[in-house]
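*Asks:* This structure is in structure tokens; I'll ask about it shortly.
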Amino acid sequence: MKTYDCDLLVVGSGAGGMAAAITAKLHGLNVLVVEKEAVYGGTTARSGGWLWIPGNPLAAREGFRDSKEQGRTYLQAEAGNHFDAARVDAFLENGPKMVEFFEQKTAVEFALGPQFSDYHPNQPGAMTGGRSIVAAPYDGRELGAQIKALRPPLEEITFVGMMIGSGKELLHFFNVTRSVVSAAYVAKLLAKYLRDRALHGRAMRLTNGNALAGRLAKSAFDLGIPLWLEAPAGELLLDGDAVTGAVVNTKNGAVTVRAKKGVVLATGGFPHDVARRAKLYPHAPTGAEHWSPTPESNTGDGIRLAQRAVGATTADELPNAAAWVPISRPLRSDGTPGTFPHFIDRAKPGVIAVTKAGRRFVNEGNSYHDFCQALVKASKDLPGEICAWLIADHPTLRRYGLGHVKPFPVPLTHQIRSGYLKRGRSLAKLAAACGIDATAFETTVANYNRHAAKGEDPEFHKGSTAYNRYLGDPSVTPNPCLAPIQTGPFYAVQVVIGDLGSFAGLKTDAQARVLDGAGQPVPGLYAAGNDMASIMGGNYPGGGITLGPAMTFGYIAGRHAAGVEA
Ligand SMILES: Cc1cc2nc3c(=O)[nH]c(=O)nc-3n(C[C@H](O)[C@H](O)[C@H](O)COP(=O)(O)OP(=O)(O)OC[C@H]3O[C@@H](n4cnc5c(N)ncnc54)[C@H](O)[C@@H]3O)c2cc1C
């Protein structure tokens, strides 16, 4: 078998792996990154590209008052019994340093979400803005020929292939028929996109997660870090107790990669490991009752490698084994179902969610993670697949869209014909088209409408938190998340349970070292990203709580492997 020598082997090319690789290289190590797929970037390239970092330097520069103590108070309240003080402290200490390090030494740049509220703003220690930062848009041309191997964004969250940035950019799209400035802004972006497609066959203006993956890759390429594609790591090598490399299965045969300082596992957790899903996802008894927009290559390889080689254990005790998100399934052009994650639409005024029983079950403006937990609970005694229906009337649908259905002037015909969007002239007809209990549904809407007109929601308090309102429509008063559902036709989109990444990863210490079965750190074995157990205790405290820790613990692992104290 061929051999290859390096100091550090990084397995996986998402945010966790790339952060570790770049940090280690900048601290003098000779690094190799291996990636299972023919494209690099992992889930990271499909993501929103938000990182949650309390006390980050961008917020400090804008005058936000945040502190490690305040972040700790919040995370303690969020994680409850699963609060892991040592790892949380390492995250809070190193998160801001990681951001500064990447800003100063690499092609990675961020922008602040000044109004992006923590998801549970009423908890002690929460902030209503300033903790979430997003990768700044990036010109794909900077990557040269390497752009071809960057994993594309999730098709469903692009506009016919064009990436739309968060915040103001997204608002321009919503206002395209209402403001000349917005129309001009969108027209300019579209013209640029069409030109890029003609010239390069893809969007070259990268935003969100695609920008983050692109910026990380550019930084790695500039540093001369080799990246092997279609090269899954298959087995870890041990020297006594220490991990010293791995067998990597390349197109040209297996290679023994010897890594003096060890291996970083960053294979993106187990969202497509059906057996582990069956074991850990309460809504998916066979593992199949689940829809994930993550890449199918994320099959839990890193976790299995560590379990097999050193008897590592996983955080199966977490109350939620993954970050849940409601998913709808629009038909792709090839006829297969896509996966559209519902982040924003649920909070808009005039949108509610009901179960098949025709009843609301949650404050729809709450986070995707909380929404899904409530749905599973509300579906306990209901037959068939766990699902909910998002409901809107005609003016609401045309103003905001719903899921994959775009606002006016994009036509609805295709979405109705494909069955993705259900329509009914009356609420009863809509209920019949969806298989919802019509009598209960009509009562639900009548109750909701009675209060919504006054901006009130006594049952579920939609619009009551800063996070709800951040996603609402500020032009709607008195409550930016409430409007009656009254002008037909009426519409519905079905959502089921999916995930953005798994939480129940490998148990590690505060240096990102994987623990063996006896709870001792294994020399030379690190985990970052979703291969590492989440530090959020199974909860979802804010926008960016997987990528923030992924890059921070990647940074910690890279420094530790290089012998620098974290
Ligand atoms: C639509 C969407 C939006 C999201 N938005 C956000 C957000 O804004 N903020 C946030 O914090 N989180 C977000 N998430 C979640 C976030 O993207 C993931 O948690 C994160 O990207 C995981 O990073 P990672 O480095 O662990 O893994 P990944 O980015 O998935 O990278 C893992 C890589 O490892 C490779 N791999 C697998 N097995 C092997 C092997 N045996 N050998 C070599 N390589 C292997 C995979 O092919 C993959 O490329 C979002 C997720 C989705 C789907």
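*Asks:* For the stretch 315-331, what are the residues that are within 28 Å of Phe174 (Cα to Cα) and within 15 Å of the ligand (Cβ to nearest atom)? Walk me through how you get there before you give the answer.
*Replies:* Pass one, the stretch 315-331, residues within 28 Å of Phe174 (Cα to Cα): 323-331.
Once the filter is applied, which keeps residues that are within 28 Å of Phe174 (Cα to Cα) and within 15 Å of the ligand (Cβ to nearest atom), the stretch 315-331 yields Ala323, Trp324, Val325, Pro326, Ile327, Ser328, Arg329, Pro330.
*Asks:* While we're on this one: In the stretch 19-62, which residues are in contact with a strand residue (DSSP E or B) (Cβ under 7 Å, 6 or more places away or on another chain), open to solvent by less than 10 Å² (accessible area, probe 1.4 Å), more than 6 Å from the ligand (Cβ to nearest atom) and within 20 Å of Val257 (Cα to Cα)?
*Replies:* Within the stretch 19-62, Ala20, Ala21, Ala24, Val31, Leu32, Val33, Tyr40 meet the criteria.
*Asks:* Name the residues in the stretch 1-18 that are modelled with pLDDT under 95 and either within 15 Å of the ligand (Cβ to nearest atom) or among the hydroxyl-bearing types (Ser, Thr, Tyr) (or both), would you?
*Replies:* Within the stretch 1-18, none qualify.
*Asks:* Now for a separate question. Looking at Gly161, is it farther than 22 Å from Ile344 by Cβ and either in contact with a strand residue (DSSP E or B) (Cβ under 6 Å, 6 or more places away or on another chain) or within 16 Å of the ligand (Cβ to nearest atom) (or both)?
*Replies:* Working: farther than 22 Å from Ile344 by Cβ: no; either in contact with a strand residue (DSSP E or B) (Cβ under 6 Å, 6 or more places away or on another chain) or within 16 Å of the ligand (Cβ to nearest atom) (or both): yes.
Considered against the rule, which asks whether it is farther than 22 Å from Ile344 by Cβ and either in contact with a strand residue (DSSP E or B) (Cβ under 6 Å, 6 or more places away or on another chain) or within 16 Å of the ligand (Cβ to nearest atom) (or both), Gly161 comes out as no.
*Asks:* Can we say Gly463 is part of a strand (DSSP E or B), touching a residue at least 60 places away in the same chain (Cβ under 8 Å) and closer than 30 Å to Leu318 by Cα?
*Replies:* Judged against the criteria, Gly463 is not a match.
*Asks:* Please determine, by comparing only the residues of the stretch 348-361 that are open to solvent by 10 Å² or more (accessible area, probe 1.4 Å) and not charged (D, E, K, R), which one is nearest to Gly384 (Cα to Cα).
*Replies:* That would be Ala357.
*Asks:* While we're on this one: Is at least one residue of the stretch 404-422 closer than 30 Å to Gly538 by Cα and modelled with pLDDT of 95 or more?
*Replies:* yes
*Asks:* Oh, and also: Which condition breaks for Leu397 when tested against (1) open to solvent by less than 20 Å² (accessible area, probe 1.4 Å); (2) without any contact (Cβ under 8 Å) to a residue 24 or more places away in the chain; (3) among the hydrophobic types (A, V, I, L, M, F, W, C)?
*Replies:* Result: Leu397 passes all but (2).
*Asks:* Just checking: which of the strands (runs of 3 or more DSSP E) contained wholly in the stretch 320-415 hold 3 or more residues that are within 30 Å of Arg276 (Cβ to Cβ)?
*Replies:* Counting at least 3 such residues, we get 322-328, 388-393.
*Asks:* Tell me which residues, restricted to the stretch 476-508, are closer than 30 Å to Gly262 by Cβ, open to solvent by 30 Å² or more (accessible area, probe 1.4 Å) and touching a helix residue (DSSP H, G or I) at 6+ places or on another chain (Cβ under 8 Å). Outline the logic, then answer.
*Replies:* From the stretch 476-508, those closer than 30 Å to Gly262 by Cβ are 499-508; that's our starting set.
Then keep just the ones that are open to solvent by 30 Å² or more (accessible area, probe 1.4 Å); that gives 500, 507.
Passing the criteria: only Leu500.
*Asks:* From the list Gly501, Gly558, Gly505, which one is farther than 19 Å from Arg276 by Cα, within 16 Å of the ligand (Cβ to nearest atom) and touching a residue at least 24 places away in the same chain (Cβ under 8 Å)?
*Replies:* Gly558
*Asks:* Can I ask one more? Out of Thr286, Thr267, which single residue is assigned to a loop (DSSP other than H, G, I, E, B) and either within 18 Å of Arg46 (Cβ to Cβ) or near the ligand (Cβ under 9 Å from one of its atoms) (or both)?
*Replies:* Going through Thr286, Thr267 in turn, the sole match is Thr267.
*Asks:* Every residue in the stretch 319-347 that is over 23 Å from Leu280 (Cβ atoms), within 20 Å of the chain's Cα centre (by Cα) and open to solvent by 30 Å² or more (accessible area, probe 1.4 Å), please.
*Replies:* Pro337, Phe343, Ile344
*Asks:* In the stretch 508-539, how many are closer than 19 Å to Ala21 by Cβ and either within 16 Å of the ligand (Cβ to nearest atom) or not in a loop (DSSP other than H, G, I, E, B) (or both)?
*Replies:* 13
*Asks:* Sticking with this one: Scan (1) within 16 Å of the ligand (Cβ to nearest atom); (2) farther than 23 Å from Pro549 by Cβ; (3) among the charged types (D, E, K, R); (4) more than 18 Å from the chain's Cα centre (by Cα) for the single condition Asp301 breaks and write down its number.
*Replies:* Going through (1) within 16 Å of the ligand (Cβ to nearest atom); (2) farther than 23 Å from Pro549 by Cβ; (3) among the charged types (D, E, K, R); (4) more than 18 Å from the chain's Cα centre (by Cα) one by one, Asp301 breaks only (2).
Residue-wise test of (1) modelled with pLDDT of 95 or more; (2) closer than 19 Å to Trp50 by Cβ.
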{"site": "Gly524", "(1), (2)": "yes, no"}
{"site": "Ala528", "(1), (2)": "yes, yes"}
{"site": "Ile535", "(1), (2)": "yes, yes"}
{"site": "Gly538", "(1), (2)": "yes, no"}
{"site": "Ile545", "(1), (2)": "yes, yes"}
{"site": "Gly548", "(1), (2)": "yes, yes"}
{"site": "Met551", "(1), (2)": "yes, yes"}
{"site": "His560", "(1), (2)": "yes, no"}
{"site": "Ala566", "(1), (2)": "no, no"}
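The values are calculated or read from the model by the stated rules, or taken from the named source; none is laboratory data. Just so we're clear, the structure is a prediction, and the values are computed from it rather than from any experiment. Neighbour counts are summed over all protein chains in view; Cβ atoms, including those assigned to glycine, are modelled from backbone coordinates with ideal geometry. Accessible surface areas use protein heavy atoms only, side chains included; no ligands, DNA or RNA. Shrake-Rupley method; radii C 1.70, N 1.55, O 1.52, S 1.80 Å.
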